[in-house]
1. Name the residue, out of A62, A104, A293, whose mean-square fluctuation peaks in a Gaussian network model built on the chain with Cα pairs under 10 Å.
2. Given the options E145, E136, E272, state which has the largest fluctuation in a GNM of the chain using a 10 Å cut-off (strictly under) for Cα springs.
3. How large is ³J(HN,Hα) for each residue in region 102-117, as worked out from phi by the Karplus curve 6.51 cos²θ - 1.76 cosθ + 1.60 (θ = phi - 60°), to whole Hz, x for Gly and Pro?
4. What FRET efficiency do you get for Q187 and T35 if R0 is 30 Å and r is their Cβ-Cβ distance, rounded to the nearest 0.05?
5. Return the whole-Å distance between the Cα centroid of region 97-148 and the Cα centroid of region 184-198.
6. The list (i) 31; (ii) 36; (iii) 54 gives values of percent of Cα pairs over 28 Å apart, and only one came from this structure; which label was calculated from it?
7. What shape does region 110-242 take by its C-alpha gyration tensor, where a ≥ b ≥ c are the square roots of the eigenvalues and a/c under 1.5 counts as rounded, a/b above b/c as prolate, and the rest as oblate?
8. Determine the distance separating the Cα centre of region 248-280 from the Cα centre of region 1-58; give it in Å without decimals.
Amino acid sequence: MGSGIWSTDVYDAADRYRRSTGKSAFSYSDSGARTVHTALDPRDGMRESRDSDEHPRSTPVAVLFDVTGSMLKVPRVLQTKLPQLLGLLQRQGYASDPQIMFGAIGDATCDRVPLQVGQFESDNRMDDDLGRIVLEGGGGGQMSESYELAMYFMARHTATDNWEKRGRRGYLFIIGDELAYQRVKSQEVSRLIGDGLTEDVPLRQIVDEVTRRWDTYYLLPAGSHYAGNAKVLDFWRDLLGQNTVVLDDLDAVCETIALTIGLGEQAIDLDEGLRHLDHAGSSATGTVSKALARLGRGRRAEVSTLPAFTDTAGGVTRL
């Protein structure tokens, strides 16, 4: 996946059509769907971000968000701000050939659709994938959702040329407001993903697996039920350290993602990124500045600990 070019004109035309016909950007969910869309079904599937003549140096970006309870507003905000996200990544040169995958997280103990995972896309099909997400709004009410199941999928069911050819991690953003469960349960993996695990996987083990190949962030936005909750913050800071990012404004989520990637790719420093937001007339500058201060003002992109890589004519060879 990942072919094609994003077009804001195509996005705007689709938005105008929906407005004129009274249709929702999330028509699959809003029509009453309560089963995972076939295009987002994680069972027996891999998600790949690959280089091509069109995109010779792909940068994979995965955005997975909680769609339970008060987090239901997140995908609608993301959908309306897709042009700003792609604009910063592409026009400002924050990342080479970005390929974005969207997905949704629920609670595998009680929800009908606890995991939904799109494809890595470079064009307007990423908007299509957002529109196919079921906004279930359930959750179990016990301050936990199945984030660990989503991390398991990212660790064991994704493949990227960014990692395999260049030894560079992709970017994974999880947007939520609750705790993960302490184990990836083998029965849930079998039922929802199709893998035959012989035993459960401890949460810390799957975090270590996913962070080896994915520069992983947990975004906790204002307005969610557990925003500012010390237990939630301590939980994720113990797992991800400074990559636990608190947002004072949900509307700043796309700008935060874009600048985080720009910092990781060494395309900008924080001050330069904030100036870009100001020049674009964004209202998110203050929120982003506060949120990303913990990441450092000149954060370096991290490279894998794979054996050394040597550039050769026509490709990259692992030594």
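1. Of A62, A104, A293, the most mobile in the Gaussian network model is A293.
2. Its mean-square fluctuation being the largest, the pick is E272.
3. Rounded to whole hertz, the list is 10, x, 9, 10, x, 10, 5, 7, 8, 7, 6, 10, x, 8, 9, 9.
4. Once rounded, the FRET efficiency stands at 0.95.
5. Taking the Cα centre of region 184-198 as reference, the centre of region 97-148 is 18 Å away.
6. The listed entry that was calculated here is (ii).
7. rounded
8. So the two Cα centres are separated by 24 Å.
Bear in mind these aren't lab numbers, they're just calculated from the coordinates by the rules spelled out. This is a predicted model, so every value here is computed, not measured. Quick reminder, even Gly has a Cβ in these numbers, built from the backbone with ideal geometry, and neighbours come from all protein chains shown.
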